[in-house]
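The values are calculated or read from the model by the stated rules, or taken from the named source; none is laboratory data. Note that the structure is a prediction, hence the values are computed from the model and not measured. Here the Cβ is made from the backbone with ideal geometry for all residues, glycine too, and neighbour counts use every protein chain on show.
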Amino acid sequence: MTRVGAHDEPGPHRTRKGDAMTKPKSLGCTARSAKIQPFYVMELLEKAKSLEAHGENVVHMEIGEPDFTTPLAIREAGMRAMEEGHTFYTHSLGLPQLRERISAYYAESRNVSVPADRIIVTSGTSGAFFLLCAVLLDRGRNFLIADPGYPCYRNFGTLFDARVVPLPVAEASRFEITPGQVEGCGAVPHLLMLCSPANPTGAVYTGDSLARLFDAVSNAGGVMAVDEIYSGLTYDRKYLSALAISDEIVVIDGFSKTYAMTGWRLGWMVVPQSLVRPIQRVAQNVFISAPTVAQYASLAAFDVSTELEAMKETYRQRRAFLFPRLKQLGFDLPVWPEGAFYIYAGIERWRMDSMEFVERALVEAKVAITPGYDFGAYRAGSHVRFSFANNTENLKEGCERLEEWLGSL
């Protein structure tokens, strides 16, 4: 079976110009761009959509996107912004009132003091990753990431010609990078990127873990950054932001996941004062400013706590159903996910590569899940990721289909 994202080697494609046969002109793409790996989950989603277009019913357990509509108050604030003519560029660092509101959010919900002038509003968290990598990475610099981990991190490192250093994480360390790995990797940690809660494992770093990692990185002259995009979706204990450890840690967060605002493309990052101006110079040239209407709309995001708690409780209930159900089906689930909306599952008992597993599950069981290869190389062939950003009835149906399919193998 052909892998998702794989293609047959092309033959000598030619275009006819009159009676002559000519090879197509090369567009001169860089070798660096050719190193960017496909986002397999998106390719699986597209394949699933193609099946649906042909009348098939597919249960989606692959995509990491909230299935909730953006809360009404936020949508109304966005409409008001358009009606009031707020459609021009904002300050390159973000609306001053939004930066102040994010500062207040940290004081209220995280019990940390963050001056507004250290907060930079970005075009999604992807915009934040781009800006941070632009000022900290270069050829010869090392970018340390978890394997498995969010796939776009390594591609941002590649775009800026850095040496990407994947650090394998597994059940023994609760899928956390350890200080020993940083100190023993044989590379100066110019930038260490963590994700907490983590994608794809749902692991949440403890305060002690963050403090020891920060010491290891800072003692070696590097910068530690923590992606906290799922911080509003932790279920078992109060979330501790890395900003409580040190003002020198970069924290990236945004509105996409907790607030169900993926399409609004709005994020932020908190950086040490010394990085504000270098990042601003890049932001002015690459993005000019984050989306204006989204910034005005997001001012209302901090006042929809009732809706946010309802969404969070729904995710909690889905996790309570899906984790034991997958275990019952035979998946290896050694670590209980404390945050986000993912379950990282072992499939070794079926002696099947994860790419083949997910493709067969899609075609034969009509269930879409994500292969471990999307998140790195370490044990990628023996793991898959389930997302519970889908309603419980669909999750139940997906598990019933998987049970029947797995029983037939």
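Looking at VAL335, VAL358, which is the one that is in contact with an Asp or Glu (Cβ under 9 Å, 6 or more places away or on another chain), β-branched (Val, Ile, Thr) and modelled with pLDDT under 95?
Answer to the selection: VAL335.
When you go through (1) in a strand (DSSP E or B); (2) free of Cβ contacts under 8 Å to residues at least 60 places away in the same chain one by one for GLU400, which number turns out not to apply?
Tallying (1) in a strand (DSSP E or B); (2) free of Cβ contacts under 8 Å to residues at least 60 places away in the same chain, GLU400 fails exactly one: (1).
Which is in contact with a Pro (Cβ under 7 Å, 6 or more places away or on another chain) and more than 30 Å from GLN284 (Cβ to Cβ), of THR206, THR234?
None of the other options fit; the residue is THR234.
Give the range 373-397 a look and list any residue that's buried (at least 23 other Cβ atoms within 10 Å of the Cβ), assigned to a helix (DSSP H, G or I) and either acidic (Asp, Glu) or on the phi > 0 side of the Ramachandran plot (or both), or say none.
ASP374
Mind telling me which of the residues ASP215, ASP227 ends up being of a type in the set (Asp, Glu), touching a helix residue (DSSP H, G or I) at 6+ places or on another chain (Cβ under 8 Å) and surrounded by 17 or more Cβ atoms within 10 Å (Cβ to Cβ)?
Working: ASP215 fails: surrounded by 17 or more Cβ atoms within 10 Å (Cβ to Cβ).
ASP227 is the lone residue from the list that is of a type in the set (Asp, Glu), touching a helix residue (DSSP H, G or I) at 6+ places or on another chain (Cβ under 8 Å) and surrounded by 17 or more Cβ atoms within 10 Å (Cβ to Cβ).
Out of curiosity, is GLY64 at positive phi, among the small types (Gly, Ala, Ser), part of a loop (DSSP other than H, G, I, E, B) and surrounded by 14 or more Cβ atoms within 10 Å (Cβ to Cβ)?
Against the criterion (at positive phi, among the small types (Gly, Ala, Ser), part of a loop (DSSP other than H, G, I, E, B) and surrounded by 14 or more Cβ atoms within 10 Å (Cβ to Cβ)), GLY64 does not qualify.
Name the residues in the range 316-344 that are of a type outside the set (A, V, I, L, M, F, W, C) and touching a Gly at 6+ places or on another chain (Cβ under 8 Å), would you?
ASP332, PRO334, PRO337, GLU338, GLY339, TYR342, TYR344
Out of all the residues in the range 353-372, which are buried (at least 17 other Cβ atoms within 10 Å of the Cβ) and either in contact with a Pro (Cβ under 6 Å, 6 or more places away or on another chain) or under 18 Å from GLU404 (Cα atoms) (or both)?
Across the range 353-372, the qualifying residues are SER354, MET355, PHE357, VAL358, GLU359, ALA361, LEU362, ALA365, LYS366, VAL367, ALA368, ILE369.
Read through the list (1) within 26 Å of THR314 (Cα to Cα); (2) touching a residue at least 24 places away in the same chain (Cβ under 8 Å), then give the number of the only condition that LYS327 fails.
Among (1) within 26 Å of THR314 (Cα to Cα); (2) touching a residue at least 24 places away in the same chain (Cβ under 8 Å), LYS327 violates only (2).
Of all residues in the range 245-267, how many are hydrophobic (A, V, I, L, M, F, W, C), surrounded by fewer than 24 Cβ atoms within 10 Å (Cβ to Cβ) and farther than 16 Å from MET193 by Cβ?
1
Among the residues of the range 230-243, is there at least one that is in the same structural domain as SER123 (by TED's automatic domain parsing), over 30 Å from PHE68 (Cα atoms), among the aliphatic types (A, V, I, L, M) and surrounded by fewer than 24 Cβ atoms within 10 Å (Cβ to Cβ)?
Looking through the range 230-243, none of the residues is in the same structural domain as SER123 (by TED's automatic domain parsing), over 30 Å from PHE68 (Cα atoms), among the aliphatic types (A, V, I, L, M) and surrounded by fewer than 24 Cβ atoms within 10 Å (Cβ to Cβ).
Is it the case, given these coordinates, that PRO291 is under 30 Å from ALA81 (Cα atoms) and modelled with pLDDT of 95 or more?
Yes: the conditions hold for PRO291.
I need the full set of residues from the range 331-372 which are assigned to a strand (DSSP E or B) and in contact (Cβ under 8 Å) with a residue 60 or more places away in the chain, in order please.
Kept after step one, since they are assigned to a strand (DSSP E or B), are these residues of the range 331-372: 332, 339, 342-346, 367-368, 370-371.
Of everything in the range 331-372, those that are assigned to a strand (DSSP E or B) and in contact (Cβ under 8 Å) with a residue 60 or more places away in the chain turn out to be GLY339, TYR342, ILE343, TYR344, VAL367, ALA368, THR370, PRO371.
Does any residue of the range 178-191 turn out to be acidic (Asp, Glu), over 17 Å from the mean Cα position of the chain (by Cα) and in a loop (DSSP other than H, G, I, E, B)?
no
Looking at ALA225, ALA300, can you tell me which residue is over 20 Å from the mean Cα position of the chain (by Cα), of a type in the set (Gly, Ala, Ser) and under 21 Å from ALA107 (Cα atoms)? Steps first, answer last, please.
On the way: ALA225 fails: over 20 Å from the mean Cα position of the chain (by Cα).
Answer to the selection: ALA300.
Sort out which residues of the range 269-279 are surrounded by fewer than 24 Cβ atoms within 10 Å (Cβ to Cβ) and either hydrophobic (A, V, I, L, M, F, W, C) or within 18 Å of ASN111 (Cβ to Cβ) (or both), and write them in order of number.
LEU275, VAL276, ILE279
Kindly evaluate VAL114 against the criterion of being outside the structural domain of THR292 (by TED's automatic domain parsing) and among the aliphatic types (A, V, I, L, M).
So VAL114 fails the test.
Restricting attention to the range 185-232, which residues are in contact with a strand residue (DSSP E or B) (Cβ under 9 Å, 6 or more places away or on another chain), under 16 Å from VAL251 (Cα atoms) and of a type in the set (Val, Ile, Thr)?
VAL204, VAL217, VAL223, VAL226, ILE229
Could you tell me how many of the residues in the range 119-163 are among the β-branched types (Val, Ile, Thr) and part of a helix (DSSP H, G or I)? Spell out how you get there, then give the answer.
Taking the range 119-163 and keeping what is among the β-branched types (Val, Ile, Thr), we get 119-122, 125, 135, 145, 158.
Now restrict to residues that are part of a helix (DSSP H, G or I): 125, 135, 158.
Residues in the range 119-163 being among the β-branched types (Val, Ile, Thr) and part of a helix (DSSP H, G or I): 3 in total.
Quick check on GLY94: is it under 24 Å from PHE287 (Cβ atoms) and either touching a His at 6+ places or on another chain (Cβ under 7 Å) or surrounded by 17 or more Cβ atoms within 10 Å (Cβ to Cβ) (or both)?
yes
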